[in-house]
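Shown next, in structure tokens, is the structure this report addresses.
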Amino acid sequence: MSDKTMTVDEAVSRLSSGMTLGIGGWGSRRKPMALVRALLRSRITDLTIVSYGGPDIGMLAAAGRIRKLVTAFVTLDSIPLEPHYRAARERGAFDLTEIDEAMFMWGLHAAANRLPFLPVRAGIGSDVMRVNPGLRTVTSPYEDGETFVAMPALRLDAALVHVNRADRLGNGQYLGPDPYFDDLFCEAADTAYVSCERIVDTAELTKAAPPQTLLLKRHTVTGVVEAPNGAHFTSCAPDYGRDEAFQKTYATTPWSQFAARFLAGDEQAYQSAVGEGT
């Protein structure tokens with residue numbers, strides 16, 4: 001078993017333009033923001049992004065890195081609609097596939113199980129089918145004859161997720177209230193890069209928390225990055241909550257000004273700028 005630790009920049013160096021990239025977390029909760037910031041420092045572009053969107057989408061959209069977005073929503077939670085995403089969408093900066101939250105989940109399940117699609121009830125009778133004319137339906141071969149949406153697999157070239165703890169082998173642990181489907185993102189991807197608040201010995205993963213908190217299995221993880229405060233400004237409960245003051249600054253500052261102030265340097269420079277106050 002190999003040591004999979006690497007830096008944020010080493011992880012992003014393994015990505016390339018044109019990829020389909022899944023980003024874990026949910027809205028403005030436990031997003032792998034240190035990895036997203038490293039992605040913004042790179043020249044990688046023309047991405048298809050698959051995400052329950054938050055500031056990861058807002059930043060990548062504002063920076064012009066997205067060719068196509070597959071999502072169920074893009075929100076900052078306490079700010080209902082991500083403003084930088086909204087601005088990019090209003091100017092037609094990328095293609096959008098917007099689907100139901102459950103359809104999104106089953107698309108990840110299909111990809112994780114290497115199936116071309118899975119039948120789901122979600123979406124039937126809604127405008128999801130109208131705004132996504134490429135979606136198809138299937139009929140149950142059994143006597144019920146029910147019609148389902150054939151949700152296509154959301155297959156990923158790579159996934160980025162953030163958890164509370166991980167070991168050097170790629171096992172990842174969440175300690176907050178929700179796994180946010182991060183395990184499915186890793187299983188649906190050819191490669192997966194996990195940032196964490198702290199790398200610990202494998203034995204420590206089960207010392208203070210029950211086994212069900214072991215969300216990510218090492219065989220689905222390609223690289224592990226120790227990134228304290230790496231989800232900032234999103235939450236990473238119980239380690240820290242959402243930085244609401246900073247999120248407001250992000251949401252109300254023109255992108256060029258925000259990027260110049262907080263994203264011009266490396267991750268250490270970002271954390272230092274945050275520490276200087278908003």
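Things worth noting here:
- Comparing Ile57, Ile79, Ile99 in a Gaussian network model of the chain, where Cα atoms under 10 Å apart are tied by springs, the biggest mean-square fluctuation is seen for Ile79.
- Mean residue ellipticity (222 nm) of the chain, computed from DSSP H runs ≥ 4 via -39,500 (n - 2.57), nearest 500: -7500 deg cm²/dmol
- Footprinting exposure proxy ranking of Met33, Met59, fewest other C-beta atoms within 10 angstrom first, gives Met59, Met33.
- DSSP-assigned coil residues among trypsin sites (Lys or Arg not before Pro) in region 219-278, each with at most 15 further Cβ atoms within 10 Å: none
- Its Cα centre serving as origin, the chain has a Cβ charge dipole (Lys and Arg +1, Asp and Glu -1) of approximately 520 debye.
- Relative contact order (percent, whole number), the chain, Cα cutoff 8 Å, 6+ residue spacing: 21 percent
- log10 of Debye I(q)/I(0), alpha-carbon scatterers only, for region 1-113 at 0.11, 0.17, 0.20 Å⁻¹: -0.35, -0.82, -1.11
- Listed values for region 121-137 are Karplus-derived 3J(HN,Hα) couplings in whole Hz (6.51 cos²θ - 1.76 cosθ + 1.60, θ = phi - 60°), namely 7, 4, x, 5, x, 10, 6, 4, 5, 6, 7, 10, x, x, 5, 10, 10, and x replaces Gly and Pro.
- Sparse-neighbourhood loop sites, trypsin sites (Lys or Arg not before Pro) in region 55-100 - DSSP loop, at most 11 other Cβ within 10 angstrom: Arg91
- Structure remark: mean-square fluctuation, Gaussian network model of the chain, C-alpha springs under 10 Å; the largest value among Thr97, Thr220, Thr71 belongs to Thr97.
- Share, in percent, of DSSP beta bridges within the chain that are antiparallel, nearest 5: 30 percent
- Extension gain for the segment Ile124 to Ala273, taken as residue separation times 0.36 nm less the Cα-Cα distance, is 48.9 nm to one decimal.
- Taking a straight Cα-Cα cut-off under 16 Å and skipping sequence neighbours fewer than 8 places away in the same chain, the lysines within cross-link reach of Lys217 are Lys4.
- Each residue of region 47-59 is assigned a 3J(HN,Hα), and the resulting list reads 8, 9, 9, 10, 6, 6, x, x, x, 4, 6, x, 5 Hz, derived from the Karplus form 6.51 cos²θ - 1.76 cosθ + 1.60 (θ = phi - 60°), x at Gly and Pro.
- Separation of the Arg67 and Lys248 label points, Cα + 7 Å toward Cβ, nm: 4.0 nm
- Region 189-228: trypsin sites (Lys or Arg not before Pro) in DSSP loop, at most 13 other beta carbons within 10 Å: Lys207
- Extending 7 Å from Cα along the Cβ direction at Leu40 and again at Leu175 yields two label points whose distance is 2.7 nm.
- The mean sequence distance of close C-alpha pairs (under 8 Å, at least 6 residues apart), as a share of the length of region 107-233, puts its relative contact order at 26 percent.
- Report note on the peptides 162-172, 134-144: ranked by the mean count of other C-beta atoms within 10 Å, highest first, their order is 162-172, 134-144.
- Counting only DSSP beta bridges with both residues in region 86-215, the antiparallel share comes to about 55 percent.
- Cross-link partners of Lys248 among lysines, defined as those whose alpha carbon lies under 28 angstrom from its own and excluding same-chain residues fewer than eight positions apart: Lys31, Lys68.
Computed from the coordinates by the stated procedures, all read-outs in this text should not be read as laboratory data. Values in this document were obtained by computation on a predicted structure and should not be read as measured data. Ideal geometry is used to build each Cβ from the backbone, glycine not excepted, and the neighbour counts take in all protein chains shown.
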